[in-house]
Amino acid sequence: MNSLPIGIFDSGVGGLTVMREVRRLLPAEHLVYLGDTARVPYGNKSHATVSRYAVEDAQFLIGKGVKMIVVACNTASAFAASALRGTFPGMPILEMIGPGARAAVAATRNRRIGVIATVGTIGSGAYESRIREVFAASGTAGEVEILTQACPLFVPLVEEGELNSEITRLVALKYLTGLREAGIDTLVLGCTHYPLLRTVIADLMGPEVTLVDSAESAALETAVLLRDRGMLNESAQAPGAESFHVTDAAPRFNQIARTFLGHDTEQLELVELGSAG
Ligand code: DGL
């Protein structure tokens, strides 16, 4: 059981930011990645559609014999975490919103937090309510200000590999200027694609704003979950095996993955999920 792989899924390349952190923290674990590149983006689709896609993604990973699932997509986490838990009751499932909210609350000093994410994640209000819950649970009194901004053009820019170009800077300027002027001291990158734009975002926000990478926080909580349940793959030699699965356009995925992970995605397979479209 402990030697089974961890399953990680996203709509596209964004979940690789989580995979990289999981690999860094848990070098001996075997990892299976699914990017639903045929149906990306999830961020502008309805609750019902994203939930259906997420259940199909998880089903695919379960078919690969995974011991847990990391929902490396904030939109799927916001819309489908409870559907996933209801559909696959015995399977440990780690979502992104809780880890990101906890990291933001730990980071802020002035209690003015910005959240950038997809239209779906922002519209769901998931980050706002989770951040308020974490503050309430920590017993610290006082006002909390949460400013949110949907950034729908970021995901297609990342999927096209426009990670640090002039057009990406212009788009970032449009989305981030208001947050910068509002005096936030912490900005949650509430979409797993956004850490790929970290350089552009950090340049615009300046050094006084802490960027919370929900990928880092989620990887940390993955390690804690496996350790607490006695499910770590401790007998194996690092590095663990990796396999990648996409539902469309494998060469482009491979190119971005190679740049980002720093190695080839040798085991890259084009797959079809339960229902097309
Ligand atoms: N990377 C995903 C997220 O964290 C999905 C982006 C998208 O497909 O729109 O929300």
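A few remarks follow.
- Spans of helices (runs of 4 or more DSSP H) in the range 118-159 with at least 2 residues surrounded by 16 or more Cβ atoms within 10 Å (Cβ to Cβ), of a type in the set (D, E, K, R) and away from the ligand (no atom under 11 Å from the Cβ): 126-138
- Selection status of residue 220, touching a residue at least 60 places away in the same chain (Cβ under 8 Å) and not in a loop (DSSP other than H, G, I, E, B): yes
- Yes/no for residue 162 being buried (at least 16 other Cβ atoms within 10 Å of the Cβ), modelled with pLDDT under 95 and within 17 Å of residue 18 (Cα to Cα): no
- Among the residues of the range 134-159, those identified as at pLDDT below 95, on the phi < 0 side of the Ramachandran plot and over 20 Å from the mean Cα position of the chain (by Cα) are 135, 136, 137, 138, 140, 141, 143, 144.
- All positions within the range 41-83 that are away from the ligand (no atom under 14 Å from the Cβ) and under 16 Å from the mean Cα position of the chain (by Cα): 58, 68, 69
- Of the residues making up the range 1-36, those that are of a type in the set (S, T, N, Q) and over 15 Å from the mean Cα position of the chain (by Cα) are 2, 3.
- Search result, residues across the range 168-203 that are outside any helix (DSSP H, G or I), of a type in the set (Gly, Ala, Ser) and either open to solvent by 40 Å² or more (accessible area, probe 1.4 Å) or more than 16 Å from the ligand (Cβ to nearest atom) (or both): 182, 183
The values are calculated or read from the model by the stated rules, or taken from the named source; none is laboratory data. Remember, it's a predicted structure, so these values are computed and weren't measured experimentally. So basically every Cβ, Gly included, is an ideal-geometry build from the backbone, and we count neighbours across all protein chains shown. For accessibility, only protein heavy atoms count, side chains too; no ligands or nucleic acids. Shrake-Rupley method; radii C 1.70, N 1.55, O 1.52, S 1.80 Å.
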